[in-house]
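Asker: Please see the structure below; I have some questions.
The values are calculated or read from the model by the stated rules, or taken from the named source; none is laboratory data. The structure presented is a predicted model; accordingly, all values stated were derived computationally and were not measured. Heads up, the Cβs are rebuilt from the backbone with ideal geometry, glycines too, and the neighbour counts pull from every protein chain shown.
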Amino acid sequence: MYPPPPPAPHRDFISVTLSLGESYDNNKSRRRRSCLRKWKQLSRLQRNVILFLLALLVLCAFLSYTHMADRWKVLGGSPTEGQRLRVEMTGQKPANPPVLPAPRKADTNPEDKPTMLPQKPRKHIRRRPPHLQIRAPNIDSKDGIQGEAQEQVATPGDTHQEETPQRTVISWRGAVIEPEQGTEHPSRRAAAPTMPSAPAVRMQKDPGPQNARQKGVIEAFLHAWKGYRKFSWGHDELKPVSRSFTEWFGLGLTLIDALDTMWILGLKKEFEEARQWVSAKLNFEKDVDVNLFESTIRLLGALLSTYHLSGDSLFLRKAEDFGNRLMPAFATPSKIPYSDVNIGTGVAHPPRWTSDSTVAEVTSIQLEFRELSRLTGIKKFREAVENVTRHIHSLSGKKDGLVPMFINTHSGLFTHPGVFTLGARADSYYEYLLKQWIQGGKTETQLLEDYLTAIEGIKAHLLRRSEPGKFIFVGELAHGRFSAKMDHLVCFLPGTLALGVHHGLPAEHMELALALMETCYQMNHQMETGLSPEIAHFNTFFQADLKDVIVKPADRHNLLRPETVESLFYLYRLTGDRKYQDWGWGILQSFNKYTRVRSGGYSSINNVQSIHKPDPRDKMESFFLGETLKYLYLLFSDDPDLLSLDHYVFNTEAHPLPIWSAA
Ligand code: DMJ
């Protein structure tokens, strides 16, 4: 026998009745009564569900209100610059309170009031790499720039497609045909000579014998290139671990940044393939925001130097087109450029949270625009950047030649005054004072004065010795308080100081250069991986069990940056002391050991203090190919004529530009 069936379970239903046809002539009380009746007719579950939904609605409204309030707070008063900087650089919130004080907006001082109304918030504002979705290469893109004929696409795996070059063929590293002879000219003729210098031609005739360490660099470059070529061809940066890529500007950043490195290393096949891509696919007619500084030093700088090395006018045409598209950035009330510009629409704007620009950014685009002006004969490029230099030269708010980190694009005044660093946001201001003076044939004395004053300012305010090693380091000053914090970025300084001495500046600068070089080496050497952290803190109190270099958890990443090896190159070239080559060799070994990704490419890492878990960040910055490996290759060369420091000046992205002969 079967047991009797269980009683049917009780079910509640929510019924919704839509009375669409009902007329609207009911009076209010009737409607209220009928609502109450309907409410009472509902089951308890139905009522609970409705109440729950109502509560949810109220909660959502409350949350979105607080979110909006936060956004308004951000627009009205940004986070401290220290916090912002740290977040930008690490993607993390600062572990410690920022060294920097809360920003004081320029326009809080009535005297600083801009003469124009504040800008309306704009669309399309992008400050940092947006990490776009990976997408297939756009094979339809047109290269309509300057009426240039579309050349055929060259992509890895598609190399059989022949381009139809309109340039005059130039020989590899040999008889470089001067741009005047047979290659296409820029749209206007230069007032100054436009041909590559004789040493450039001579240097390229033959790479000469390459020693074992240089071959080691070539091997590393080819490994990095393998990853880029395979997984991110034509895109901005390789993500070597996930075998994909990121876009920042969507302009083949790594490929362009690496062009002159390939030329210098003698990688002819790779260079030609990349050249084909530039010819066929590089298209600046794009609705995309670029950062003026980053795109100038990496893209414009690379196009100009590659033009000089190869004599191929394609690169100059691209440089001129790109330079023109950057020009709207200078159309500000103060002529201090905005940080960002859309190269397709010509709309320039500051970052979302401020109308300030970064001092290092607006003062480290001069080498490139001046050279572009000289080559094309177009004065506006030079005038725009020299306006900035002149303006900053005469601006008050410096401390013995040291500059604050921000400048307002409306008022033209320094903002957040009282904070001085040789690191992020100020670094290349100092570098470009010296390098512009060198570039211009050592005739622009204001640049030299500013540089010399600044070095005295550094000596007076920012130098200390660490314990127990007594290494001299460059700290920071915030409203009179010294902080023993030194960015790895500051390690450009020993090389720059040495370069100045090579060009006749006081010999005592070399003493400082040697001492700081040792410190930068220690920043690498004292780490378990042999690679420097992004930021070091120095121990200034004697304590036998402490090392000189202290690293905070948020700062222990390494982005494959070049500054230490950049300075090693200058120091070796100018002193001949082989220990600098040995130190650089050690760093290359460390890159190979802790940052190399088997399938191709190198990755920045999260922890320079862990040999077991350096923890790849899955990103190969374009400057690893543009700068780090180039400087390593040059460091291992014993030929002082290989990009002679008497004929070339390197921009801050390691792209060599010719020194102009004095008029
Ligand atoms: C590069 O883009 C340049 O060297 C710049 O001056 C600083 N940042 C990176 C490398 O660290």
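Asker: Which ones in the range 316-338 are outside any loop (DSSP other than H, G, I, E, B), of a type in the set (A, V, I, L, M, F, W, C) and surrounded by 20 or more Cβ atoms within 10 Å (Cβ to Cβ)?
Answerer: L316, A319, F322, L326, A329, F330
Asker: Follow-up. Can you confirm whether P337 is at pLDDT below 95 and closer than 15 Å to L292 by Cα?
Answerer: No, not satisfied.
Asker: Among the residues that make up the range 402-414, is at least one of them touching a residue at least 12 places away in the same chain (Cβ under 8 Å), within 16 Å of the ligand (Cβ to nearest atom) and either farther than 25 Å from L657 by Cβ or among the hydrophobic types (A, V, I, L, M, F, W, C) (or both)?
Answerer: Taking every residue of the range 402-414 in turn, at least one turns out to be touching a residue at least 12 places away in the same chain (Cβ under 8 Å), within 16 Å of the ligand (Cβ to nearest atom) and either farther than 25 Å from L657 by Cβ or among the hydrophobic types (A, V, I, L, M, F, W, C) (or both).
Asker: I'd like to check something: does the range 644-656 contain any residue that is within 16 Å of the ligand (Cβ to nearest atom), surrounded by 22 or more Cβ atoms within 10 Å (Cβ to Cβ), part of a helix (DSSP H, G or I) and modelled with pLDDT of 95 or more?
Answerer: no
Asker: Among E431, E511, E467, which is the only one that is among the acidic types (D, E), at pLDDT 95 or above and part of a loop (DSSP other than H, G, I, E, B)?
Answerer: Exactly one residue qualifies, and that residue is E467.
Asker: Between a first residue in the range 595-623 that is touching a residue at least 24 places away in the same chain (Cβ under 8 Å) and a second residue that is more than 16 Å from the ligand (Cβ to nearest atom) and among the small types (G, A, S), which pairs have beta carbons less than 6 Å apart while being 6 or more apart in sequence or on different chains?
Answerer: Listed pairs, sorted by first residue: G600/G227; G601/G227; D618/S242; M620/G601.
Asker: Okay, next question. Could you tell me how many of the residues in the range 416-438 are away from the ligand (no atom under 16 Å from the Cβ) and closer than 19 Å to E371 by Cβ? Walk me through it before giving the result.
Answerer: As a first pass, look at the range 416-438 and keep what is away from the ligand (no atom under 16 Å from the Cβ): 416-420, 437-438.
Narrowing the set further to residues that are closer than 19 Å to E371 by Cβ leaves 437-438.
Number of matching residues: 2.
Asker: I'd like to know if the range 263-272 contains one or more residues that are within 16 Å of the ligand (Cβ to nearest atom), surrounded by fewer than 23 Cβ atoms within 10 Å (Cβ to Cβ) and modelled with pLDDT of 95 or more. Break it down into steps so the answer makes sense when it comes.
Answerer: So the first thing to find is which residues in the range 263-272 are within 16 Å of the ligand (Cβ to nearest atom), and the list is none.
No: the range 263-272 contains no residue that is within 16 Å of the ligand (Cβ to nearest atom), surrounded by fewer than 23 Cβ atoms within 10 Å (Cβ to Cβ) and modelled with pLDDT of 95 or more.
Asker: May I ask you to verify whether E361 is of a type in the set (D, E, K, R), at pLDDT 95 or above, within 16 Å of the ligand (Cβ to nearest atom) and within 14 Å of N408 (Cα to Cα)?
Answerer: yes
Asker: Against the definition (away from the ligand (no atom under 16 Å from the Cβ), buried (at least 22 other Cβ atoms within 10 Å of the Cβ) and either among the β-branched types (V, I, T) or more than 27 Å from P533 (Cβ to Cβ) (or both)), how does I455 come out, yes or no?
Answerer: Criteria met by I455.
Asker: Identify all residues within the range 288-310 that are outside any helix (DSSP H, G or I) and either over 20 Å from the mean Cα position of the chain (by Cα) or β-branched (V, I, T) (or both); write none if there are none.
Answerer: In the first step, residues of the range 288-310 are kept if they are outside any helix (DSSP H, G or I); the result is 288-291.
Of everything in the range 288-310, those that are outside any helix (DSSP H, G or I) and either over 20 Å from the mean Cα position of the chain (by Cα) or β-branched (V, I, T) (or both) turn out to be V288, V290.
Asker: Go through the range 544-585 and give me each residue that's of a type in the set (S, T, Y) and away from the ligand (no atom under 16 Å from the Cβ).
Answerer: Passing the criteria: Y572, T575, Y580.
Asker: Tell me, please, whether a residue that is assigned to a loop (DSSP other than H, G, I, E, B), touching a helix residue (DSSP H, G or I) at 6+ places or on another chain (Cβ under 9 Å), crowded, with 22+ Cβ neighbours inside 10 Å and of a type in the set (A, V, I, L, M, F, W, C) can be found in the range 339-348.
Answerer: Checking the range 339-348: at least one residue is assigned to a loop (DSSP other than H, G, I, E, B), touching a helix residue (DSSP H, G or I) at 6+ places or on another chain (Cβ under 9 Å), crowded, with 22+ Cβ neighbours inside 10 Å and of a type in the set (A, V, I, L, M, F, W, C).
Asker: Out of all the residues in the range 291-331, which are away from the ligand (no atom under 16 Å from the Cβ), in contact with a strand residue (DSSP E or B) (Cβ under 8 Å, 6 or more places away or on another chain) and more than 16 Å from F381 (Cβ to Cβ)?
Answerer: H308, L309
Asker: For residues in the range 595-630 being part of a loop (DSSP other than H, G, I, E, B) and β-branched (V, I, T), which is farthest from the ligand (Cβ to nearest atom)?
Answerer: Checked the range 595-630; the qualifying residue farthest from the ligand (Cβ to nearest atom) is I611.
Asker: Need pairs with beta-carbon distance below 8 Å; first residue over 30 Å from T540 (Cα atoms) and modelled with pLDDT of 95 or more and within the range 439-464, second among the β-branched types (V, I, T) and not in a helix (DSSP H, G or I); sequence gap 6+ or separate chains.
Answerer: As it stands, the answer is Q439/V649; Q439/I659; G441/I659, since those pairs meet every condition given.
Asker: Of everything in the range 541-565, what is modelled with pLDDT under 95 and either buried (at least 20 other Cβ atoms within 10 Å of the Cβ) or not acidic (D, E) (or both)? Give them in sequence order.
Answerer: Across the range 541-565, the qualifying residues are F541, F542, Q543, A544, L546, K547.
Asker: Test each condition in (1) surrounded by fewer than 18 Cβ atoms within 10 Å (Cβ to Cβ); (2) in a loop (DSSP other than H, G, I, E, B); (3) in contact with a Gly (Cβ under 9 Å, 6 or more places away or on another chain) for P417 and report the one that comes out false.
Answerer: (1)
Asker: Could you give every pair whose Cβ atoms fall below 8 Å, whose first residue belongs to the range 273-287 and is farther than 12 Å from H235 by Cα and among the hydroxyl-bearing types (S, T, Y), and whose second residue is modelled with pLDDT under 95 and not in a helix (DSSP H, G or I), counting only separations of at least 6 or pairs across chains?
Answerer: S279/D143; S279/E151; S279/A154; S279/E163; S279/P165
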